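The values are calculated or read from the model by the stated rules, or taken from the named source; none is laboratory data. Values in this document were obtained by computation on a predicted structure and should not be read as measured data. No Cβ is skipped: glycine too gets one built from the backbone with ideal geometry, and neighbour counts run over all protein chains shown. Accessible surface is based on the protein model in full, side chains and every heavy atom, while ligands, DNA and RNA are left aside. Shrake-Rupley method; radii C 1.70, N 1.55, O 1.52, S 1.80 Å.
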Amino acid sequence: MKAKLLNMNKSTRSNLFTVGVIVIVYTVFQTMSTTGNMSNLLKNLLVAMCYYSIMAISLNLTVGILGQLSLGHAGFVCIGAFTSAFFSKIMVNTIDNTIIRFSLAILIGAITAGIFGVIIGVIVLRLSGDYLAIVTLAFGEIIKNVLNVIYIGYDSNGLAFSMEDTASLNLMEDGVVIIKGAQGISGTPRNANFTIAVILLILAYMIISNFINSRSGRAVMAIRDNRIAAESVGINITKYKILAFSLSAALAGVAGVLYSHNIATVQSTKFGYNMSIMILVYVVLGGMGNLRGSMIAAVILTVLPEYLRFLRDYRMLIYSIVLIAVMLYNWAPACIEWRKSHSLKDLIGTVVGKNRKEKKGA
Amino acid sequence: MEMLSVKNLGISFGGLHAVDSFSISIKKGELYGLIGPNGAGKTTVFNLLTGVYKPDMGQILLEGQNITGLSPIEINKAGMARTFQNIRLFDNLSVLDNVKVGLHNEIRYSTISGILRLPSYRKTEKRMNEEAYKVLEVLGLENEAKNLATNLPYGKQRKLEIARALATNPKMLLLDEPAAGMNPSETDELMEAITQLREIYGITILLIEHDMKLVAGICENIFVLNFGTKLANGAPSEVLNNPEVIKAYLGE
């Protein structure tokens, strides 16, 4: 009975700990930024850290928990970014309340990306391993390239759509072009800020973590560990694969919403396989299935290239050498040992544990 | 009352008749042994019964319900659970979670209530833990609950597979060489556990085994398979003394 209680609390405890650390980091950064102790460089990266973290933990759901290699994650980010920016631009004069409009934009980004996750998942999840990686890569590129040639505008007659150029939209004089092909969407209201981004990161983390520690999450991990055995105990393989994949896509969509509402212009070319690989690097570096690790890796690797700018031409060279070194040594036995003995969680755990014992004694 | 009734089951791979007109009838609560030399088609029979392979011909009835040609998932839901010859555990999950995966269709709550941690999540998860511990206790694994499945010693991994299969609340259990690779004392423990779970759950068991001490010790009936067809069928004492069976095992 006692053992069960401990188990129940374990995932909740771990969630609380992670959220606590995120809030502490948030408070420190926010104080630094408002009191002017932060460089402009870092200030500009605050939201980026959050959306890259969301991308990383959402991809970790596919790669680490479902055990399927996806190289098209940026495609879902792209869908989230474009649909939500499109919505915000159309509604900017209709819905005055920023909070309501942005919340709706987030929902729309997440749901559309999630729907694409289901559609693509149904098609590609029949494959696995290298084959799946190649097909997801292709889908990511397709999404990027299709959005690269789409022109959408609206006037008093309603929406106009073209895959040629702006002129072929035949807009009236009052018409506005929203998606301009390769130029993407510009002038999206910049509703994203550090606070909202952190809240969304915490929500995304809670959703994934709670999912993993639930009945459905166990089914997903069972499929990862042994598909045949999972089938033999009556687990619907297709259902849970698609569920995990589309949840991962929907959360990538949320990251996309933050992305497009943080900068002036979104262009689909930014969401190529370079971005997908980068997200995968966060996941691999942070450890497969390790959500905290993904977030830490995303934050460090977002900041690192910016701080290496003084190296000029050698920047990316040094960056990649650092990556290789971290990959080699991060999961070395000695390093794992060191992390265990210097773990922040254990430190807090021992302090709390001592208090508990003292209370019991008293 | 017949639990499992199989008639003329057969499958061929290319020109090879791996299993040919296999018929068996197992009564409710009975413990049946399926033996035969290597390559006789024993595991293929299991794969046919559990839907991993679709039979070319024949019929499988589980407590009167026709389960021929259903998927492994549907067959499990119909009440048939199995273990594997080469252990297939969820290696990176804890022992407890392995059993809880087995409870997947028995005790349910929605994905949404799992993500939002609604009261139904806590309540159901608690019940799942209790049920899982019950099953683990029958197999003497309750002290391993927190360990990863992959870190268990070999004998306990085999027992965990049985526990996971039991968690799906089956009417019938298929055990594929449960004692393979076990030392004599582990085998004794296993025999005791099997006897015990029959007492508790009243479950019908069909098991493949090479350990004749185990087969003769606990099976009520034995079916001998050779080259995909029936060689003998009956009580252990008469089957194991059958000259045909001895010939098949040891040669002339």
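Odds and ends about this structure:
- Spread over its residues, the convex hull of the C-alpha atoms of segment B:95-252 is 137 Å³ per residue.
- Karplus-derived 3J(HN,Hα) values for segment A:65-74, using 6.51 cos²θ - 1.76 cosθ + 1.60 with θ = phi - 60°, are 8, 7, x, 10, 7, 10, 10, x, 4, 4 Hz; glycine and proline are entered as x.
- Residue ranges A:124-135, A:237-248 sort as A:237-248, A:124-135 when ordered by packing (mean number of other C-beta atoms within 10 Å per residue, highest first).
- Straight Cα distances below 14 angstrom link B:Lys27 to the aspartates and glutamates B:Glu2, B:Glu63, B:Glu220, with same-chain residues fewer than 8 positions distant left out.
- Calculated [θ] (222 nm, deg cm²/dmol) that DSSP helices of n ≥ 4 give over chain A, each run adding -39,500 (n - 2.57): -24000 deg cm²/dmol
- Residues A:Met91, A:Met221 ordered from highest to lowest accessible area at a 1.4 Å probe: A:Met91, A:Met221.
- Surrounding net charge for A:Gly153, when Lys and Arg each add one and Asp and Glu each subtract one, Cβ distance under 15 Å: -3
- When only Cα pairs below 8 angstrom with a gap of at least 6 residues are kept, segment A:45-306 shows a relative contact order of 40 percent.
- In segment B:1-156, Cα pairs under 8 Å separated by at least six residues give a relative contact order of 19 percent.
- Calculated FRET value between A:Tyr307 and B:Gln85, using beta carbons and R₀ = 51 Å, to 0.05: 0.35
- Counting only residues at least eight positions apart within a chain, or on another chain, the aspartates and glutamates with an alpha carbon under 13 Å from that of A:Lys270 are A:Glu141.
- Other protein chain Cβ atoms within 10 Å, averaged over every residue that makes up B:78-91: 3
- The packing ranking, built from the mean of other Cβ atoms within 10 Å per residue, places the peptides B:9-18, A:47-56 in the order A:47-56, B:9-18, highest first.
- Reduced Cα scattering model of the protein assembly as shown, Debye log10 I(q)/I(0), q = 0.06, 0.08, 0.09, 0.11 Å⁻¹: -0.43, -0.70, -0.83, -1.07
- Shielding by partners, peptide B:140-148 (average Cβ within 10 angstrom, other chains): 1
- Debye-sum result for segment A:147-210 in log10 I(q)/I(0), which assumes one identical scatterer on each alpha carbon, at q = 0.17 Å⁻¹: -0.67
- Beta bridges per DSSP with both ends in the protein assembly as shown, % antiparallel, nearest 5: 65
- Surface/4 estimate of mean projected area, convex hull on alpha-carbon atoms of chain A, nm²: 23.6
- Once the Cβ-Cβ distance of A:Lys340 and A:Ile199 is raised to the sixth power relative to R0 = 41 Å, the FRET efficiency obtained is 0.85.
- 23 Å Cα-Cα threshold exceeded, pairs from A:Lys241/A:Lys340; B:Lys100/B:Lys159; B:Lys171/B:Lys213; A:Lys241/B:Lys77; B:Lys134/B:Lys159; A:Lys10/A:Lys241: A:Lys241/A:Lys340; B:Lys171/B:Lys213; A:Lys10/A:Lys241
- Of every Cα-Cα pair in segment A:80-145, the percent that sits beyond 18 Å: 49
- Rounded to 5, the percent of DSSP beta bridges in chain A classed as antiparallel: 100
- Distance distribution note for segment A:139-294: the fraction of Cα pairs above 23 angstrom is 55%.
- Close amide H pairs (under 5 Å, H built 1.01 Å from N) link B:Met3 with B:Ile26, B:Lys27, B:Lys28, residues at least 5 positions away or on another chain.
- The dipole here belongs to the protein assembly as shown: it is taken about the Cα centre, uses +1 on the Cβ of Lys and Arg and -1 on the Cβ of Asp and Glu, and is about 2080 debye.
- Counting Cβ atoms of other protein chains within 10 Å of each residue's Cβ and taking the mean over peptide B:126-135 gives 2.
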